[in-house]
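Below is one structure, written out as structure tokens; comments come after it.
The values are calculated or read from the model by the stated rules, or taken from the named source; none is laboratory data. Everything numeric here is computed off the predicted structure, so don't read it as measured data. With ideal geometry, Cβ positions are generated from the backbone for all residues, glycine too; neighbour counts draw on all protein chains shown. What goes into the accessible areas is simple: the full protein's heavy atoms, side chains included, and nothing from ligands, DNA or RNA. Shrake-Rupley method; radii C 1.70, N 1.55, O 1.52, S 1.80 Å.
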Amino acid sequence: MMRAVSAAEIAPTTYPWTVHAENLVVRAGRHLAVNGLDLALGTGVHGLLGPNGAGKTTLMRALATVVKPAGGRLTLLGDDLTGRADPRRVRRSLGYLPQHFGFYPRFTVREFVEYMAWLKEMPSAVVPGAVQRAIERVGLTDRADSRMKTLSGGMLRRAGIAQALVNDPQVLLLDEPTVGLDPEQRMGFRDLLRELGMDSCVLVSTHLVEDVAVACTDVVLLHEGRLVWQGSTAELARQGGAGNAGDSATERGYSALLHAYRGQVAG
Amino acid sequence: MTTHPTSALISRYAVGAADVDDATVWAVEAHLESCAACRTLLADAVDPGTRDLLGRVADGIADGIATGPGPVRRRRLRRTGVAARVLPWLATAAGLMLAAVVFERTFESLPSLVLLLSPVAPLLPVAAAWSRRTDPAWELLATMPRAGLWLLLRRTLAVLAVVVPVLAVAGWWTGQSPALWLLPALAFTAGSLALGGLVGVDVAALGLAVAWSAAVVAPSLAGRRLPAILAGGSWPGWAVITVALLAVVLVRAADHRHLGAGRT
């Protein structure tokens, strides 16, 4: 299905980066989960990698305007999110799939995505079409009118992706989107990611290095709340040598970079 | 787009004349999308064969729409979103008021329990309607442009639309003045929204309910007399407090943009 392009979408941007963080500090409880992060992301699919507790989810929540940064500067689509500014304009062009995806069990998939579209302040005339398109893109068309509580884990994940996509977001934040998807669905999802990355900034947090190798144009590696490395997927694959742990070139690159960073911090 | 293409240009565009360059084609197309008058000119400019083809395509599409599945019915009530989760708390509030009525009619020597409990009756469902603990999609709600004071007020009004009739029945049954049960209930609701901007609406509502019970309800039951703040002439005071708290809520609207995010 085609969608008409509005004047707002082809207007030139007035900011250099879609997502721009400078010396960003974000708290998770009392702990500084993101600590002095510098990051600049443009259009494309960016894979966010890092060990457990690296601050991936906290960074995602700060970008999704759930938590306010405790320090530094964070700019999304040219709007500053650190001051007392109204985040509403940014939120309209945001899509977010949280790590723990909460839903209303008695809603059908369509009702849920529709409710989220309403919360995203989409004009009511475009909502039904946008909802149908989002559900088709994640391959849930035949379950669109089933209640959420009857869906399997992978289907729920896809319903979560559908609600994130429904407003054609310019910034799409997906926190572990491939959890619970079977291999075929994951391949379909990678195609979807590539398609989305053509004209929006997609940030995918994941533990699966292979997802990043196949679907992402660019990799962001975090460790203990700081940026360790940022570069293209091919460059990541070149970082590793035969001596590093891992089964693929990308995995070896990942462990080589982490190992080098840990050594640098300790030394 | 104020200048319309000439009818000669539209007819050359319609027949696909070679002397119309690409840039002109795009400009004409962009104009036609937004100008019904020029589209009428276009329809007259095409040759009969094309018009016939377009007619057949339109008929085919109309047939397809008529025989295909109908549009999905939209259920607007779902908009309240958390209705299902708030229902038990609404039932609790209604049950509380019913118990108050029964007590008041049975034990005539006690101070009016309906008046003592009506200020806190809306607080439980209000707390449930705007809480991380009861709303499963809270994390998503916190990223939504519509999340903020207006959505909170919408949910609060939905709660009041149920609680106020219950209070009205209880008040009418026990013969209490409407100003003495309605105004304190509204004042406490507005108070929990105003305080909620700082500590979270659920904490504020429950805190106010506990404070009122400890400071007013328990001493009046122990002393067996109604406190002065619920006596007949006190309603102007409650009205002033309600209006003042509502003003605070509106002035501090920005407090509700960030939904007090905590640990997940």
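Brief remarks on what is shown
- Here segment B:30-69 is the region considered, the condition is being in contact with a helix residue (DSSP H, G or I) (Cβ under 9 Å, 6 or more places away or on another chain) and outside any helix (DSSP H, G or I), and the residue that is surrounded by the most Cβ atoms within 10 Å (Cβ to Cβ) is B:46.
- Of A:57, A:14, A:18, all but one fail to be in contact with an Asp or Glu (Cβ under 8 Å, 6 or more places away or on another chain) and open to solvent by 10 Å² or more (accessible area, probe 1.4 Å); the exception is A:57.
- Any hit, segment A:215-226, residues being surrounded by 15 or more Cβ atoms within 10 Å (Cβ to Cβ) and on the phi > 0 side of the Ramachandran plot: yes
- Residue count for segment B:116-138, restricted to those that are open to solvent by 20 Å² or more (accessible area, probe 1.4 Å) and within 14 Å of chain A (Cβ to nearest Cβ): 5
- Any chance residue B:8 is farther than 27 Å from residue A:6 by Cα and loosely packed, with under 12 Cβ neighbours inside 10 Å: yes
- Among the residues making up segment A:121-134, those that are within 9 Å of another protein chain (Cβ to nearest Cβ) and open to solvent by 30 Å² or more (accessible area, probe 1.4 Å) are A:121, A:128, A:132.
- Breaking point among (1) surrounded by 13 or more Cβ atoms within 10 Å (Cβ to Cβ); (2) assigned to a loop (DSSP other than H, G, I, E, B), for residue B:17: (1)
- Some residue of segment A:144-160 being touching a residue at least 12 places away in the same chain (Cβ under 8 Å), closer than 25 Å to residue A:79 by Cβ and of a type in the set (A, V, I, L, M): no
- Note on segment A:79-88: among residues that are open to solvent by 20 Å² or more (accessible area, probe 1.4 Å) and at the interface with chain B (Cβ under 8 Å from one of its Cβ atoms), the one that is nearest to residue B:141 (Cα to Cα) is A:88.
- Residue in segment B:139-156 that is surrounded by 20 or more Cβ atoms within 10 Å (Cβ to Cβ), more than 14 Å from every other protein chain (Cβ to nearest Cβ) and at pLDDT 90 or above present: yes
- Residue in segment B:184-196 that is surrounded by fewer than 16 Cβ atoms within 10 Å (Cβ to Cβ) and assigned by TED's automatic domain parsing to the domain that holds residue B:134 present: no
- Lone unmet requirement of (1) outside any loop (DSSP other than H, G, I, E, B); (2) open to solvent by 30 Å² or more (accessible area, probe 1.4 Å); (3) farther than 30 Å from residue A:30 by Cα for residue B:226: (1)
- Being in contact with a Leu (Cβ under 7 Å, 6 or more places away or on another chain), assigned to a loop (DSSP other than H, G, I, E, B), at pLDDT 90 or above and not aliphatic (A, V, I, L, M) is a property that residue A:65 has.
- Considering segment A:256-267, and only residues there that are open to solvent by less than 30 Å² (accessible area, probe 1.4 Å) and without any contact (Cβ under 8 Å) to a residue 40 or more places away in the chain, the residue that is nearest to residue A:37 (Cα to Cα) turns out to be A:257.
- Residues that are assigned to a loop (DSSP other than H, G, I, E, B) and within 11 Å of another protein chain (Cβ to nearest Cβ), drawn from segment A:135-148: A:144, A:145
- Single residue of segment A:102-120 satisfying the filter (part of a loop (DSSP other than H, G, I, E, B) and at the interface with chain B (Cβ under 7 Å from one of its Cβ atoms)) that is modelled with the highest pLDDT: A:120
- Screening residue B:132 on (1) over 21 Å from residue B:250 (Cα atoms); (2) in a helix (DSSP H, G or I) shows it passes everything except condition (2).
- Hey, residue A:253 open to solvent by 30 Å² or more (accessible area, probe 1.4 Å) and more than 14 Å from the chain's Cα centre (by Cα) or not: no
- Residues that are assigned by TED's automatic domain parsing to the domain that holds residue B:86, more than 23 Å from residue A:106 (Cα to Cα) and in a loop (DSSP other than H, G, I, E, B) are absent from segment B:164-172 altogether.
- Residue count, segment B:229-248 (criterion: touching a residue at least 24 places away in the same chain (Cβ under 8 Å) and open to solvent by 40 Å² or more (accessible area, probe 1.4 Å)): 6
- Candidates A:97, A:74, filtered to the one that is surrounded by 20 or more Cβ atoms within 10 Å (Cβ to Cβ) and either within 17 Å of residue A:176 (Cα to Cα) or facing chain B (nearest Cβ under 7 Å) (or both): A:97
- So residue A:47, is it open to solvent by less than 90 Å² (accessible area, probe 1.4 Å) and in contact (Cβ under 8 Å) with a residue 60 or more places away in the chain: yes
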